[in-house]
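So the structure is just underneath, and the comments pick up after that.
The values are calculated or read from the model by the stated rules, or taken from the named source; none is laboratory data. For clarity, every value in this text was computed on a predicted model and none was experimentally measured. Cβ: placed from backbone, ideal geometry, glycine included. Neighbour counts: every protein chain shown.
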């Protein structure tokens, strides 16, 4: 398949089941809601070493938030429910509780609940107050700038992590420009996050390493400087490869994000140095979710 | 299906225990079976059809017409469905209600919503003492749900209140919020003496400055983030509380009762 001179490989991205949650951070203004959200979702690019993958789902208008203030919806993905709950609590406690004027609310409903403010309340040292409003429990925790309001729990849902595609370009600048264009469009899709810095990862990995202590290492088949010394996937004109990784609440969300992202890259086309779109997989043996690029773009 | 309607034929001299006439106990019964049920009235046991004309067939929507102030225990332990009282209701209205809805167009007597667990109670007129309270000797009053009073409330509103919300559009009598363990009472009108007497936790939300006991301490003026959520939750009510113009989030906060646990608060609207 070729779109605007860009070859879409007959391959697929392989993704895994994960557990996810969503929370809404509000603040005095959008600036401070974003600061809290960025802090909360920082150092959360990959479960390999961060314990979770997290990102901003979208910015919310004051009319969309529970307390009528500007807000940001964040999503956190982890391999299991226990790890997810731990990450959520740690991040909420260190990054949102501490952030001026913030409040924290559940962002997704589910039968499975995990603590949001439920345990943070102990920071109140006995001065905390519970309020049940419309059947939901909130904790009012006295802090130095007033009160930190946090909903007791949020929902935990089954989700998918590891959707991805690779952008193969003639130069580093062209690969980056294409990925920026893709991320701009993908950020508009609800229910997905692109957890890497700016949504883009330049150090895609393969499973395993020559070093026994490492379980992942550089994806040498896609490293342009190794073209002559490894079993490369790259043709001679490819000088830079960047990857976009997508975690989503459903397969459909990831499908949609990949479609708009790849389309944005293809819109730049071969004229702007974009040569191929590929994807990372492990032969289909590890992840039950397969995102076939050509099917998505059909 | 039309609402199962009980129209009072005459006003019995003694008080009548209406507790058998709740939705879950009448579900599946024929009109003949309902007519044969017995209601206690003083020393007498009265058949339902001696006291009421019965019509309709939907036991999940009960209407009591021509009601007066001696019909006690209306909606006692109601577990789903709705009861509408046209007229006044007696004491112990919606006592121990588990879920569902009770609406009274007129006034209600003592101990309305006492030990209520969940659901919604609306009183169109005034209500007597001990609204949402615990029965004498018990330590836990209303444990959940919402009570709306469009008129005035008597003394001891929310005595031993454990959880839930009591909204009073009019005035509340003395000892409002006494011995409260938790929950919320909002009063748009005036409150009486001994407000929050021995209150442990919970919130009294007031539109007008109260006569506060000396055992409440001023914590200053604040903008509280939970108040917009609370007022939002009132929007679905048929009440002045639903009106966005009555909402506020700037309050003077008083903590007390310092002669008790001291973790309760009185929030007074800053005008």
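Restricting to the range B:211-235, count the residues that are within 11 Å of another protein chain (Cβ to nearest Cβ), in contact with a strand residue (DSSP E or B) (Cβ under 9 Å, 6 or more places away or on another chain) and assigned to a loop (DSSP other than H, G, I, E, B).
Residues in the range B:211-235 being within 11 Å of another protein chain (Cβ to nearest Cβ), in contact with a strand residue (DSSP E or B) (Cβ under 9 Å, 6 or more places away or on another chain) and assigned to a loop (DSSP other than H, G, I, E, B): 2 in total.
Residues checked against (1) touching a helix residue (DSSP H, G or I) at 6+ places or on another chain (Cβ under 6 Å); (2) buried (at least 22 other Cβ atoms within 10 Å of the Cβ):
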position	(1), (2)
A:47	no, no
A:64	no, no
A:71	yes, yes
A:78	yes, yes
A:87	no, yes
A:93	yes, no
A:108	no, no
A:122	no, no
A:134	yes, no
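What residue, of B:262, B:177, B:196, is assigned to a loop (DSSP other than H, G, I, E, B), surrounded by 21 or more Cβ atoms within 10 Å (Cβ to Cβ) and over 17 Å from the mean Cα position of the chain (by Cα)?
Among B:262, B:177, B:196, only B:196 is assigned to a loop (DSSP other than H, G, I, E, B), surrounded by 21 or more Cβ atoms within 10 Å (Cβ to Cβ) and over 17 Å from the mean Cα position of the chain (by Cα).
Can you tell me which residues in the range A:25-41 are assigned to a helix (DSSP H, G or I) and touching a residue at least 12 places away in the same chain (Cβ under 8 Å)?
Listed by number, the residues that qualify are A:30, A:32, A:33, A:34, A:35, A:36, A:37, A:38, A:39, A:40.
Which of the residues belonging to the range A:150-183 are surrounded by fewer than 24 Cβ atoms within 10 Å (Cβ to Cβ) and within 14 Å of another protein chain (Cβ to nearest Cβ)?
A:151, A:152
Table: residues versus (1) part of a strand (DSSP E or B); (2) at pLDDT 95 or above; (3) more than 23 Å from residue A:239 (Cβ to Cβ); (4) not assigned by TED's automatic domain parsing to the domain that holds residue A:268.
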| position | (1), (2), (3), (4) |
| --- | --- |
| A:95 | no, yes, yes, yes |
| A:100 | no, yes, yes, yes |
| A:110 | no, yes, yes, yes |
| A:114 | yes, yes, yes, yes |
| A:122 | no, yes, yes, yes |
| A:141 | yes, yes, yes, yes |
| A:167 | yes, yes, no, no |
| A:189 | no, yes, yes, no |
| A:195 | no, yes, yes, no |
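Any residue in the range A:5-13 that is in contact (Cβ under 8 Å) with a residue 60 or more places away in the chain, crowded, with 22+ Cβ neighbours inside 10 Å and over 21 Å from residue A:166 (Cα atoms)?
no
With B:238, B:208 as the choices, which residue is in the same structural domain as residue B:147 (by TED's automatic domain parsing), modelled with pLDDT under 95 and not in a helix (DSSP H, G or I)?
Result of the check over B:238, B:208: B:238.
Per-residue answers, yes or no, for (1) surrounded by 18 or more Cβ atoms within 10 Å (Cβ to Cβ); (2) closer than 30 Å to residue A:22 by Cα; (3) touching a residue at least 60 places away in the same chain (Cβ under 8 Å):
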| position | (1), (2), (3) |
| --- | --- |
| A:208 | no, no, no |
| A:230 | no, no, no |
| A:239 | yes, no, yes |
| A:244 | yes, yes, yes |
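Can you tell me which residues in the range B:216-241 are buried (at least 17 other Cβ atoms within 10 Å of the Cβ), more than 23 Å from residue A:28 (Cα to Cα) and either touching a helix residue (DSSP H, G or I) at 6+ places or on another chain (Cβ under 6 Å) or free of Cβ contacts under 8 Å to residues at least 40 places away in the same chain (or both)?
B:234, B:241
Checking residue B:181 against (1) within 14 Å of chain A (Cβ to nearest Cβ); (2) more than 20 Å from residue B:121 (Cβ to Cβ): exactly one of these is not met. Which one?
(2)
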